[in-house]
Amino acid sequence: MKTPVRVAVTGAAGQIGYALLFRIASGEMLGKEQPVILQLLELPIDKAQAALKGVIMELEDCAFPLLADVVGTDDPEVAFKDADIALLVGARPRGPGMERKDLLLENAKIFTAQGAALNKVASRDVKVLVVGNPANTNAYIAMKSAPDLNPRNFTAMLRLDHNRALSQLATKAGVAVGDIEGLIVWGNHSPTMYPDYRFATAKGVNLKDKVNDADWNANTFIPQVGKRGAAIIEARGLSSAASAANAAIDHIHDWVLGSNGKWVTMGVPSDGSYGIPEGVIFGFAVTTENGEYTLVKDIEVDDFSQKAIDKTLAELEEERSGVAHLLS
Ligand SMILES: NC(=O)C1=CN([C@@H]2O[C@H](COP(=O)(O)OP(=O)(O)OC[C@H]3O[C@@H](n4cnc5c(N)ncnc54)[C@H](O)[C@@H]3O)[C@@H](O)[C@H]2O)C=CC1
Ligand SMILES: O=C([O-])CC(=O)C(=O)O
């Protein structure tokens, strides 16, 4: 039997947590041979702790062979102790009529405290995925609050946007979603994100050429992917949960086990590529192998794409300056 991997999940009793934990424990994230220890964090309030207790009871009732242990706590330093993977989900979600950045100041404090706790007690190789919104800037805050950890290991979730774009493109192009390669979502997890299908192919066929519809790209595809979160809130009265949990599983699965040469989108600290200032957590195309990601370089950026990238970067810079006072 392999040594169990310690997976910390914050906001574990929330809607995404409920859609996520059972899949991690059944081996969908790290593989069917990999035991896990779940270290679950919830707020130090009775209702949240009682809900967490109920979720842990249900995890027990599944008798998952791969679930080596479960810890429930209200203390980040207990949840993150020796964590190999940390899924930072716990944060307030938006409601109808709000943008994700409206959550910034309220949620930012969570990520300074949790970054500091990770810095203190997590594995030195911990892989961090920030799901709580606004995800890119929260990941930036956590990264800056953890100066002893490798900044590369702080990532934000754009995989849901990537998966949404895959699905819409597959439908439009009349191809199987699993055959699509070479898709990117650049930038911020917000309506300014830029889903870019210029290099997407299915079975070697370029899908931009196949679709051949610039109007659909500019006026349907890009805005629909960008505003999909709001459309779900409108329809459900609650923000996406199962699809968000699914994207978190995909993100960590590929980061740990590899993407087999496929491009996937991760929000990662820029190394200065494509003119994105170093350290800004930006959605880039990456490939993953042996637990490491590599930015895909030298993607041609045309005028249309440059304008879209500039717009989403400007928003991230604005968010970053809005939280600068929390980081000094
Ligand atoms: N990046 C992405 O693609 C997506 C991000 N999200 C975001 O994920 C976050 C969670 O969403 P839901 O699960 O639907 O919300 P929820 O409200 O159902 O659950 C959040 C849970 O986090 C807990 N929590 C709050 N502050 C905490 C803290 N400091 N430490 C530990 N736990 C804490 C709450 O008690 C609650 O149980 C929201 O910010 C939402 O906007 C949602 C969908 C997609
Ligand atoms: O839209 C929201 O607030 C939740 C989210 O991030 C998404 O579904 O993409």
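With +1 on the Cβ of every Lys and Arg and -1 on the Cβ of every Asp and Glu, and nothing else charged, how large is the dipole of segment 131-229 about its Cα centre, in debye rounded to the nearest 20?
Here segment 131-229 has a charge dipole of around 120 debye.
Of the options Ala117, Ile180, Ile252, report the single residue whose Cα projects farthest towards the positive end of the charge dipole of the chain (beta-carbon charges: Lys, Arg +1; Asp, Glu -1).
Among Ala117, Ile180, Ile252, the one farthest towards the positive end of the dipole of the chain is Ile180.
What's the angle, to the nearest 10 degrees (0 to 90), between helix 135-144's Cα axis and the longest principal axis of the chain?
For 135-144 against the chain, the angle is about 60 degrees.
So if I place +1 on the C-beta of Lys and Arg and -1 on the C-beta of Asp and Glu, and nothing else carries charge, what would the dipole magnitude of the chain be about its Cα centre? I want it in debye, nearest 20.
It comes to approximately 320 debye.
By average Cβ neighbour count within 10 Å, what is the ranking of 264-270, 252-258 from highest down?
Put in order of decreasing packing, that is 264-270, 252-258.
Given 0.36 nm per residue, what is the gain on full extension from Gln34 to Asn290 after removing their alpha carbon distance, in nm?
That pair, Gln34 and Asn290, stretches by 90.6 nm at full extension.
Rounded, prolate or oblate: pick one for segment 169-285, where a ≥ b ≥ c are the square roots of the eigenvalues of its C-alpha gyration tensor, a/c under 1.5 means rounded, and failing that, prolate if a/b is larger than b/c, else oblate.
Here segment 169-285 falls in the rounded category.
Does anyone have the angle between helix 159-173 and the longest principal axis of the chain? Alpha-carbon axes, 0 to 90°, nearest 10?
Rounded to the nearest ten degrees, it is 40.
Compute a Gaussian network model of the chain, connecting alpha carbons closer than 10 Å, and tell me which residue from Asn219, Asn206, Asn138 fluctuates the most.
Asn219
What number comes out for the charge environment of Lys120, summing +1 per Lys or Arg and -1 per Asp or Glu over other residues with Cβ under 14 Å away?
Details: positive: Lys81, Arg124; negative: Asp75, Glu77, Asp82, Asp148.
Charge balance near Lys120 sits at -2.
All other residues with a Cβ under 10 Å from the Cβ of Ser305 taken together, and with Lys, Arg as +1 and Asp, Glu as -1, what is their net charge?
-3
If the limit is 22 Å between Cα atoms, which of Lys120/Lys144; Lys144/Lys227; Lys227/Lys262 go over it?
Violating the 22 Å limit, Cα to Cα: Lys144/Lys227; Lys227/Lys262.
Relative to the longest principal Cα axis of the chain, at what angle does helix 15-25 sit, 0 to 90 degrees, rounded to 10?
For 15-25 against the chain, the angle is about 80 degrees.
Give the shape of segment 218-311 as rounded, prolate or oblate, defined through the alpha-carbon gyration tensor: a ≥ b ≥ c are the square roots of its eigenvalues, a/c under 1.5 means rounded, and otherwise the shape is prolate if a/b is larger than b/c and oblate if not.
Note, shape of segment 218-311 comes out oblate.
Given springs between every Cα pair under 10 Å in a Gaussian network model of the chain, which of Ile281, Ile184, Ile37 has the largest fluctuation?
The residue that fluctuates most here is Ile37.
Any read-out appearing in this document is the output of simple, stated calculations on the displayed coordinates, not a laboratory observation. Please read these numbers as outputs of a predicted model, since none were measured by experiment. Neighbour counts are summed over all protein chains in view; Cβ atoms, including those assigned to glycine, are modelled from backbone coordinates with ideal geometry.
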